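**Q** I have a structure here, written as structure tokens, and I will follow up with some questions on it.
The values are calculated or read from the model by the stated rules, or taken from the named source; none is laboratory data. Values in this document were obtained by computation on a predicted structure and should not be read as measured data. Cβ sites come from the backbone with ideal geometry, for glycine too, and all protein chains shown count toward neighbours. In case anyone asks, the SASA skips ligands and DNA or RNA and just uses the protein heavy atoms, side chains included. Shrake-Rupley method; radii C 1.70, N 1.55, O 1.52, S 1.80 Å.
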Amino acid sequence: MAGGGSAGRVLARAGQGARAVGWGRPLGPEETLGLLEASVVHREGALLALSKPPGLPVLGRPGELSLVTLLPALRRRLGLSAELHVVKAPSRECSGLVLLSGCHRTTEQLQRFFTGARRRGQYPATYRAVTVGVPAEAEGEVRAGLCWQQQGDTTVVVPVLAPGRRSLARKEVKSTLTRYQVLGAAGGCALLQLQPRTAFPEQLPVHLTLLLCPALGDHKHSSRVGKVLGVPFLLPPEAVPTHTQVLDEELLGRLGLSPRQLHHLPLHLHLQQLELPQGPLCTPPPPHFLRTLQRLGLQET
């Protein structure tokens, strides 16, 4: 499906582009642009797909470097005639597949395809996550209402475990569903496959906290999972402020990190596969994700 090249060559290109940059420092516009150009995994007709590094927002705040601000320069570098726009992309903190289009009709067709797939009970997006903790069940579903909640000067996404019919009807709360499967586990950490049936901001990180297994590098929601005598339990969002994820000394040692480096640790949540009308489109996790799997001894069973 990748413009006449083999899948092996496509995946290799994505990895080579990402290897040039470490995660411990911010990237400038030229460096980010070069990384995006090297990480193209599919180019056919009006469609272009690339693998986004973690930390790069799609839209961004005013004056902030973002994927959208780089699209005109990326189009020129790739020699494309039509302006590009985003069809589907993971959130700022996530890495993984970004689907771009130079044709609005193609975009509408794809969006209808994704909506129809969800309505038919299919899961068009597949993520990989490294978690701190292992789910009690090897596979299952997470169902929860999600909503935005004001906390001080910020708004955060919080779970509503038993939403009322009125709040759902008024769309104050959205009913969400994620299917998960444990692909491997070692030393109290796990490699998970996640397939969201619904789409809501920060759905996957919040659902992982409900499993009591926050994603590695989740500095936003992981504080909601506490421990007493090594047993995890869920804390209400309003009871704990957002802070850098806390990892024990043993896990820090296995990751090769010092406590001072911890706040730079990126979110280990990667959009690995999208189902398209022509078939699946895939990209491997970025180098930092693969290094973590190696250090933790995690592999798919």
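**Q** Please work out if Leu65 is part of a loop (DSSP other than H, G, I, E, B), free of Cβ contacts under 8 Å to residues at least 40 places away in the same chain, open to solvent by less than 60 Å² (accessible area, probe 1.4 Å) and out of contact with any strand residue (DSSP E or B) (no Cβ under 7 Å at 6 or more places or on another chain).
**A** Taking the combined requirement at face value, the residue satisfies it.
**Q** Checking Thr154 against (1) open to solvent by 60 Å² or more (accessible area, probe 1.4 Å); (2) within 16 Å of Leu276 (Cα to Cα); (3) among the polar types (S, T, N, Q), only one condition comes out false. Which one?
**A** For Thr154, the exception is condition (2).
**Q** Answer yes or no as to whether Ala162 is among the small types (Gly, Ala, Ser) and either part of a loop (DSSP other than H, G, I, E, B) or open to solvent by 50 Å² or more (accessible area, probe 1.4 Å) (or both). Give the steps one after another, and end with the answer.
**A** Values: among the small types (Gly, Ala, Ser): yes; either part of a loop (DSSP other than H, G, I, E, B) or open to solvent by 50 Å² or more (accessible area, probe 1.4 Å) (or both): yes.
Answer is yes for this residue.
**Q** Quick test of your reading of the structure: Leu192 fulfils all but one of (1) within 21 Å of Gln273 (Cα to Cα); (2) open to solvent by 10 Å² or more (accessible area, probe 1.4 Å). Name the failing condition by number.
**A** Single failed check for Leu192: (2).
**Q** Now for a different question. For the stretch 130-145: of the residues being over 17 Å from Ser222 (Cα atoms), open to solvent by 40 Å² or more (accessible area, probe 1.4 Å) and not charged (D, E, K, R), which is farthest from the chain's Cα centre (by Cα)?
**A** Among residues in the stretch 130-145 that are over 17 Å from Ser222 (Cα atoms), open to solvent by 40 Å² or more (accessible area, probe 1.4 Å) and not charged (D, E, K, R), the one farthest from the chain's Cα centre (by Cα) is Ala136.
**Q** Determine the pairs where a residue that is farther than 20 Å from Leu177 by Cβ and touching a residue at least 12 places away in the same chain (Cβ under 8 Å), located within the stretch 129-151, has a partner that is open to solvent by 10 Å² or more (accessible area, probe 1.4 Å) and among the acidic types (Asp, Glu) with Cβ atoms under 7 Å apart, the partner being 6 or more residues away or on another chain.
**A** From the stretch 129-151, the pairs are Gln151/Glu238.
**Q** Of all residues being crowded, with 21+ Cβ neighbours inside 10 Å and out of contact with any strand residue (DSSP E or B) (no Cβ under 6 Å at 6 or more places or on another chain) in the stretch 195-218, which is farthest from Leu269 (Cα to Cα)? Just the residue, please.
**A** Once the filter is applied, the top-ranked residue is Leu211.
**Q** If a residue has to be within 16 Å of Leu67 (Cβ to Cβ), at pLDDT 95 or above, assigned to a loop (DSSP other than H, G, I, E, B) and not hydrophobic (A, V, I, L, M, F, W, C) to count, how many in the stretch 94-137 make the cut?
**A** 0
**Q** Scan the stretch 102-109 and tell me whether some residue there is surrounded by 13 or more Cβ atoms within 10 Å (Cβ to Cβ), within 23 Å of Pro29 (Cβ to Cβ) and either acidic (Asp, Glu) or in contact (Cβ under 8 Å) with a residue 24 or more places away in the chain (or both).
**A** Yes; the residues of the stretch 102-109 include at least one that is surrounded by 13 or more Cβ atoms within 10 Å (Cβ to Cβ), within 23 Å of Pro29 (Cβ to Cβ) and either acidic (Asp, Glu) or in contact (Cβ under 8 Å) with a residue 24 or more places away in the chain (or both).
**Q** With the checklist (1) touching a Gly at 6+ places or on another chain (Cβ under 6 Å); (2) buried (at least 20 other Cβ atoms within 10 Å of the Cβ); (3) of a type in the set (Asp, Glu) in hand, flag the one item Glu44 doesn't pass.
**A** (2)
**Q** For residues in the stretch 252-279 being surrounded by 12 or more Cβ atoms within 10 Å (Cβ to Cβ) and without any contact (Cβ under 8 Å) to a residue 40 or more places away in the chain, which is nearest to Ala89 (Cα to Cα)?
**A** Leu262
**Q** Exactly one of (1) open to solvent by 20 Å² or more (accessible area, probe 1.4 Å); (2) modelled with pLDDT of 95 or more is unmet by Trp148. Its number?
**A** So the condition that Trp148 fails would be (2).
**Q** Okay, next question. Would you mind listing the strands (runs of 3 or more DSSP E) fully within the stretch 230-301 where at least 3 residues are more than 12 Å from Val130 (Cβ to Cβ) and modelled with pLDDT of 95 or more?
**A** Per the criteria, 269-276.
**Q** For the stretch 168-186, give me each residue that is outside any strand (DSSP E or B) and either open to solvent by less than 20 Å² (accessible area, probe 1.4 Å) or under 20 Å from His270 (Cβ atoms) (or both).
**A** Once the filter is applied, which keeps residues that are outside any strand (DSSP E or B) and either open to solvent by less than 20 Å² (accessible area, probe 1.4 Å) or under 20 Å from His270 (Cβ atoms) (or both), the stretch 168-186 yields only Val173.
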